[in-house]
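Here is the structure we will look at, set down as structure tokens.
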Protein chains: 2
Amino acid sequence: MSITPTTYTIIIEQQNTDFTFRASISTLISNVLNVAGLDAEAKGFGVSALNEDNQTWVLSRFAIEVDYLPKVFEKIKITTWISDYHRLITTRNFTLSNEKGEIFGGAVSQWCMLDTNARRAIDLSKLHENYNDYVLGEYGYPIDKPRRILAVEPSQTIVHRAVYSDIDFNKHVNALRYFDLMLDMLPIEMLAKANSLRVDLQYIHECYLADTLSVNYQQQDNVSMFEIKRNEDISAVKCMIEWRP
Amino acid sequence: MSITPTTYTIIIEQQNTDFTFRASISTLISNVLNVAGLDAEAKGFGVSALNEDNQTWVLSRFAIEVDYLPKVFEKIKITTWISDYHRLITTRNFTLSNEKGEIFGGAVSQWCMLDTNARRAIDLSKLHENYNDYVLGEYGYPIDKPRRILAVEPSQTIVHRAVYSDIDFNKHVNALRYFDLMLDMLPIEMLAKANSLRVDLQYIHECYLADTLSVNYQQQDNVSMFEIKRNEDISAVKCMIEWRP
């Protein structure tokens, strides 16, 4: 059996663009994470299969780099493969390419598997038997792995109470919703000019319905740094966005 | 030339379900509106074509009824056709069907065309020439047309400042974002039990970045009523959700 990366085609729909008529960064991350879900599902180790055993995938770290943001109605291809797994973390990689077949971005995602009853990470050596067949180490990483994000010295903080539309199927605040809360703190001109960039995300602690989220923001030259705290004291999510010229 | 309604297939993706593992109501509305955009685009009168003439489509009223909310990874089909147009309003209809081919829902959307420079409605008799070819009056309306929503006597009000992630490609607060702000006021048990329902939405006035939105909520038996005001005094959006047994 010869296994190769799998490719999904996505159209940048108008409701997924921002006021610049280009895919918002959230949309690109959402598409990439969605491809991860569809591909895992198609191969028998998606959330449907896992839920039957009270297990689920939880995103731990994520990085994406793009050379530009695709325009409305552009068709992009997202190619995905699992590069490796260790006891607690498995890594799934992605390239993003345009209609000419040119790669304009890459992403690396690192996942834990959670026992939803015990709320604790599962040893990945107990994975679904066929997982090994899909680990394509030789394809490597398309960009640098997600970086560790240092402490943030906030110059601005906003507070948000987690509501229904923030919550995903796992009953956690949605990974993208955290990201939107952070982007919403940036000057609109910075978002209008966004083009080549890198995002690093680190998901440390889950937040739940009715939790109080404090979103802390610091700007250092061309890097926006964020830390979201749960109920004021627990570090929940960290993020770093590098805006490239 | 014989024209019939057009059908699009949609998979309910995990990031579009809520904690009940079913499509959120927002997701269904979003899918329906997205199909409207794709279909208009494919037929030459979508936002891309309109934008070249400084025109755009604006949603005026919308209604959707479903017998149930489809589960994660279910494939649904959305069939769409334009039933009629008058001087200022054109109506596009939808049915939603499941993999067995059973219709489980319908929707009716009413649109204005806006001159984006003059910020005023355009006479639809000046529409793109081929529009008439796609007006399929004989297919009629799948559900009652969007209802006029009466004044709301709020028992609860929340205030939200419009931020980047609320804004769509038209630089208005996104039609679905208003809906999420309203749903977020409901008791979580009501959303957990949601099944058969009807939503009516009436978009009266646009809201923009940094506007203050007051979301007013009133419950009357099995009907949730909402009104969003822009900067406290302008009625911007009204909504009525009928929760059926």
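Structural size metrics of chain A, computed from C-alpha coordinates, are Rg and Dmax of 17.7, 54 Å.
Counting only Cα atoms, the size of the stretch A:88-137 along its three principal axes is 47, 23, 14 Å, in decreasing order.
The phi-based Karplus calculation (6.51 cos²θ - 1.76 cosθ + 1.60; θ = phi - 60°) puts the 3J(HN,Hα) values of the stretch B:110-116 at 10, 10, 10, 10, 10, 7, 6 Hz, whole numbers, x for Gly and Pro. Electrostatic bookkeeping for residue B:3 treats Lys and Arg as +1 and Asp and Glu as -1; over the other residues with beta carbon under 10 Å from its beta carbon, the sum is 0.
What's the FRET efficiency of residue B:223 with residue B:159 using the Cβ-Cβ distance as r and R₀ = 22 Å, to the nearest 0.05? The pair residue B:223/residue B:159 has a calculated efficiency of 0.40. Figure legend: label point modelled 7 angstrom from the Cα of residue A:86 along Cα→Cβ; residues of the stretch A:26-67 with amide N under 16 Å from it are A:60-62. Protein heavy-atom accessible surface, 1.4 Å probe, per residue over the stretch B:118-245: 49 Å². When chain A is turned onto chain B, its residue with the beta carbon nearest the axis, and that distance in whole angstrom, is A:160, 5.
What residue among A:170, A:31, A:216 has the largest mean-square fluctuation in a Gaussian network model of chain A, using Cα springs under 10 Å? With Cα springs under 10 Å in chain A, the top fluctuation among A:170, A:31, A:216 is at A:170. Per the Debye formula with a single identical scatterer at each Cα and no solvent contribution, what log10 I(q)/I(0) holds for the stretch A:123-199 at q = 0.11, 0.14 Å⁻¹? Summing over Cα pairs of the stretch A:123-199 leads to -0.57, -0.86. Take the Kirkwood radius over Cα pairs of the protein assembly as shown, plug it into Stokes-Einstein at 20 °C and 1.002 mPa s, and you get 91 µm²/s for translational diffusion.
Within the stretch A:45-126, the proportion of C-alpha pairs whose separation exceeds 14 Å stands at 68%.
So if each residue of separation counts as 0.36 nm, and I subtract the Cα-Cα distance between residue A:209 and residue A:11, what length gain in nm does that give? Don't jump to the answer; show the numbers that get you there.
Values: separation 198, 0.36 × 198 = 71.28 nm, distance 3.18 nm.
Between residue A:209 and residue A:11, full extension yields an extra 68.1 nm.
Taking the empirical scaling 2.2 N^0.38 Å for compact globular proteins as reference, the stretch B:155-230 has a Cα radius of gyration ratio of 1.13.
Given a cut-off of 16 Å, what percent of all Cα-Cα pairs of the stretch A:1-103 lie beyond it? Write out the running numbers ahead of the final one.
Values: 3226 of 5253 pairs.
For the stretch A:1-103, the share of Cα pairs beyond 16 Å comes to 61 percent.
Across the stretch A:58-199, the fraction of Cα-Cα pairs farther apart than 25 Å, rounded to a whole number, is 43%.
The values are calculated or read from the model by the stated rules, or taken from the named source; none is laboratory data. None of the values given here were measured: they were computed from a predicted structure. Every residue, glycine among them, receives a Cβ derived from its backbone with ideal geometry; neighbour counts consider all protein chains shown. Accessible surface is based on the protein model in full, side chains and every heavy atom, while ligands, DNA and RNA are left aside. Shrake-Rupley method; radii C 1.70, N 1.55, O 1.52, S 1.80 Å.
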